[in-house]
Structure formats: C-alpha cells, structure tokens
Amino acid sequence: MERRISSSLGNEASTRPRHSPAVLPEGTSTEDSATPVRSRARAKNSTFTLTFAAAAGGADPATGSSPGAASGSMRKGGGDRNFSGLWGGPRKKSSRTPTCPGERKPYVTPMKVLIRRAKEERRARQEAPCRVLEHPPANGLLVPHLVEVAHRVHRARERLLSGLASLVKGEAAIPVKRCRFCSEVHIGNIGHEIRTCEGPNSASRNSLHVWRPGTVRDVLGFPYCYHLFDRVGKPRVVHKEKYTVPRLPAILELCIQAGVDVERYPTKRRTRPVYSIDGRIADFELDDEDGSSEAETSPEAWSCQSPLPQTSSACTAHAGDRTEEITVREMSSRTLQSWLEMRSGGVRLMRKYGVVTCGYCPDVQVGPKGHKVRMCKASKHQQRDGQHAWQEATVDDIVPLNHVWHVRDPAGDSVPLANELKRYYGKAPAVVELCVRAGAPVPAQYRSMMRLDVVPPARDEYDLVA
C-alpha cells in the first residue's frame, strides 16, 4: 500500500507543470516549504524510503522507534543528515599532516614578538618622524666590539678551508663519497648501503645510493648571497641587478659588513649616523673624498673586474714548508677548532647584523632586508611570483652542518654500513666526522649525537638483538 502511494506521488510530481506551485506532502507545514527545491526533494525521497522500510520490517532495530516516529523525525528534520548511521557516521575533518614537503621553516622569533616590535617601531616613527638612528649597525656604523670578532671568523674560515683541502687531497687523504643523484655524503672508503636516496629513479634502485668521489665542497658548502655596497642606503638588490651584483659566501659577506675589508668586494664605511625620515633612510654625509671612486664601486665595474686569487690558496703556498711538519692528527684538531670558532663567532655576529633566509628554500641574504630577485623554485613560488619568503635565519643557514653517518668502530671500512643496523648508528656533521676520522678528539657537544656508547651488532647477530 505504501509502495503504491509513493509511486503515485512520484508520478504526480514528475507530470506536474514546471511553474506550478509544489504540492507539499502530508504532515509538512508551510514553514518547511521555504527551504530550497533540492532540499525539499531530498527530504521527500528520504521520507518515502523510510516509510516503506518501516512498513516492511516494523520498528527500526537500530533505534527501536516506531515507523511513525521515524517518518516524523525525517519530515521535521528535512533531509538525511540526521541519519548518520545509514552512511557510516558523520564526516570528520581531515587533520593536517605535521610534516609536509612544502611546509615553511619554523620562525626563530615568535610571531607575537615580531608583531610587538613592529608596533613599537611604528609608534616611535609616529612620535618622531625625523630622528637620528642611535644604535649601530642600523645607523650605518660598525659595532666596535664585533670588529675583532669578524676578523677572527674570517681567519678561522681561511684556516678551515686550508685544513679541509689538506685532509681530503693530501698524502694521507681520507676518502669522501657523494651520491650521484642526491646530496648524501659519506666519509669512508666504501659508501654505505642505507636506503635513504630520494633522487631521480630512486625507486628502481630501492633507494640505494650510487657513490662517486667527493670534494671539499661536498663536505662543507657555503651558501652564496649578493654583496651589498651600502647595506643601509641600498639594502635590496632588485631583479634587474641579478647578473651585475657579485655573489659571495654568506659568512664572508657577514664578516665584510661587520668590519673586514676585502679588496675584491668594496663596501661603504660611514663616520656619522644616518637619519630616519618617515621610515626612510636619509644620509647627509658628504662623499667628496669618495666621489672619484663611485665608478669603481658600481655594479657594472664589479662585473668587469678580474677575479683575484683567494687568500686560502695564498696562505697554503706561503706556509708550505710549515704544513709539512704538522702531523695529520694536529691538522685535524686545528681544522675542527677553526670550524667551531667560525660557528661561535657567526652566532655573535648574527645577534647584531641581520641575516634572512627563505622560508621554503635554502637561499640566504646578509643584510637588513632580503633581495627582490625572483629565483625561488620551492613550494608555492607561483603565488609569490618567484620571490622568496624571507624570515630570520640561524647559523645553520649560513654554515650548513651536512650530517653524515657515524660508527664508533668502522672495522677498517671493509664492510659497508647495513640498512638493517641503521638504528645503532650515530650521526655527525661532515666536518666533525672527517676530523675525527683523522684523529681529532670528539667535541663534547656532539658526543650524544654520535652515539659513542652504542656498539652495533654484526649482520648475523641482528635477529638475536632485542
């Protein structure tokens, strides 16, 4: 009986004129008729389906209600959204994956602190539109107590490059391996068999690396940035100057801005602080004595200059007889000490001199602001028109660690590291691993990371270890 009623009503609804008023089902008030046509049709179909099911089977076994109660609740609800049990429960919101490939780097300073600083700077600018900047290096002057630190960092960098070159290319050289398809580095005679390759066609190789001989650049690669002749007057490099402004290692640019003078990269040194007028920097210092050298310090002149020899190679050639008397163990200890000194000095310099990095790619820029060159190819770069998403950088951004696998007893490098035993291996920066292999003592801050207290089992004992 119920089937005949539902079919007849359905035929009547289908043969009804298009512009005629809709006939409401029995028990539906005029208030429910204000709902859209699609909602009313969905409610009518659900009502008839439930009425037919209740008439055929009696009460609903899931809810224990009578047919009249079920149809009444559906007529009152106006849709099948109240019957979540028929469709597997309500739809849940998908939780965001904590580690996404295109996720942005975490901020060094919390966002609330950055907002509060911006509000304080805006308030100070409104109270005094024209004022003299007092604190260096924002006023264009050098920080006096950091000039010597910058020179020590510069000298430590030169000693580090010279020591790494002797450890990698000398007579008692320690072999360095690098994967052909990714940036993985291994210190040893034989590359490891740990399946961590993410390069092209890695699935066909079961994520195994394809090793080839490495160089000093693979052990320690400094990211490059644009050189700023005037970091206060012109802190940004625009896209048109992409090929005219020279690029240099970021740690070297940081030392230059902090007080180190390099002949190849001239920079402007001020003797008086600059003014801030409505947030814009105004410099009233006369440049009469520097007027003749403007053509030499322009970006066009930089591109025409011939490259000068690096200081590291000159120091190595000058002190050739002295380096022959130093043993490999002493050389590795001095190299490791230079690396630690360079990182600690870089941290001190970055507390005063601004360094920014892209939130999605490893590009860095030393200065108060990031450049405007559209060269970002990381996640969401289409939304930014290829520009970088600049944020505060850390010392790991300008001096990358480049971690490698470490084993306490490599067994003469005759057996490669096994993928099954990777949880027993430690890790260390490539520079630290290279110097420790050469005989340098392990630094205290890397002992826990290198897992010196863990003895890895043999391959045939892997199943016997809990």
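Listed values, structure above:
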item	result
Number of the exception - residue 225 against (1) out of contact with any Asp or Glu (no Cβ under 9 Å at 6 or more places or on another chain); (2) outside any loop (DSSP other than H, G, I, E, B)	(1)
Residue 463 assigned to a loop (DSSP other than H, G, I, E, B), more than 17 Å from residue 174 (Cα to Cα) and among the acidic types (Asp, Glu)	no
Any hit, the range 428-446, residues being of a type in the set (D, E, K, R), free of Cβ contacts under 8 Å to residues at least 40 places away in the same chain and either more than 30 Å from residue 142 (Cα to Cα) or not in a strand (DSSP E or B) (or both)	no
Strands (runs of 3 or more DSSP E) completely within the range 238-303 that count 1 or more residues being modelled with pLDDT under 95, hydrophobic (A, V, I, L, M, F, W, C) and closer than 30 Å to residue 123 by Cβ	275-277, 280-282
So residue 221, is it modelled with pLDDT under 95 and over 25 Å from the mean Cα position of the chain (by Cα)	no
Counted residues, the range 447-460 - those being under 30 Å from residue 222 (Cα atoms) and either in a loop (DSSP other than H, G, I, E, B) or out of contact with any His (no Cβ under 7 Å at 6 or more places or on another chain) (or both)	5
Search result, residues across the range 348-377 that are assigned to a loop (DSSP other than H, G, I, E, B), more than 19 Å from residue 140 (Cβ to Cβ) and either without any contact (Cβ under 8 Å) to a residue 24 or more places away in the chain or basic (Lys, Arg) (or both)	372, 374, 376, 377
Qualifying residue in the range 115-131 (condition: under 30 Å from residue 268 (Cα atoms), part of a strand (DSSP E or B) and in contact (Cβ under 8 Å) with a residue 40 or more places away in the chain)	yes
Number of the exception - residue 416 against (1) under 28 Å from the mean Cα position of the chain (by Cα); (2) over 30 Å from residue 358 (Cβ atoms)	(1)
Set 195, 231, 272: member being basic (Lys, Arg) and open to solvent by less than 50 Å² (accessible area, probe 1.4 Å)	231
The range 443-461, residues that are surrounded by 13 or more Cβ atoms within 10 Å (Cβ to Cβ), out of contact with any strand residue (DSSP E or B) (no Cβ under 8 Å at 6 or more places or on another chain) and under 19 Å from residue 344 (Cα atoms)	443, 447
Test result for residue 310, out of contact with any strand residue (DSSP E or B) (no Cβ under 7 Å at 6 or more places or on another chain), polar (S, T, N, Q), open to solvent by 80 Å² or more (accessible area, probe 1.4 Å) and at pLDDT 50 or above	no
Residue match in the range 167-190 (condition: among the polar types (S, T, N, Q), open to solvent by less than 80 Å² (accessible area, probe 1.4 Å) and over 26 Å from residue 327 (Cβ atoms))	no
Unmet requirement for residue 188, which otherwise passes all of (1) on the phi > 0 side of the Ramachandran plot; (2) modelled with pLDDT of 95 or more	(2)
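Here is a yes/no grid of residues against (1) touching a residue at least 24 places away in the same chain (Cβ under 8 Å); (2) part of a loop (DSSP other than H, G, I, E, B); (3) in contact with a helix residue (DSSP H, G or I) (Cβ under 8 Å, 6 or more places away or on another chain); (4) not aromatic (Phe, Trp, Tyr):
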| residue | (1), (2), (3), (4) |
| --- | --- |
| 142 | yes, yes, yes, yes |
| 151 | yes, no, yes, yes |
| 166 | yes, no, yes, yes |
| 201 | no, yes, no, yes |
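The values are calculated or read from the model by the stated rules, or taken from the named source; none is laboratory data. All values derive from a computational prediction rather than experimental measurement. Positions of Cβ are backbone-derived with ideal geometry, glycine not excepted, and every protein chain shown enters the neighbour counts. These area figures cover heavy atoms from the full protein model, side chains too; ligands, DNA and RNA do not enter into them. Shrake-Rupley method; radii C 1.70, N 1.55, O 1.52, S 1.80 Å.
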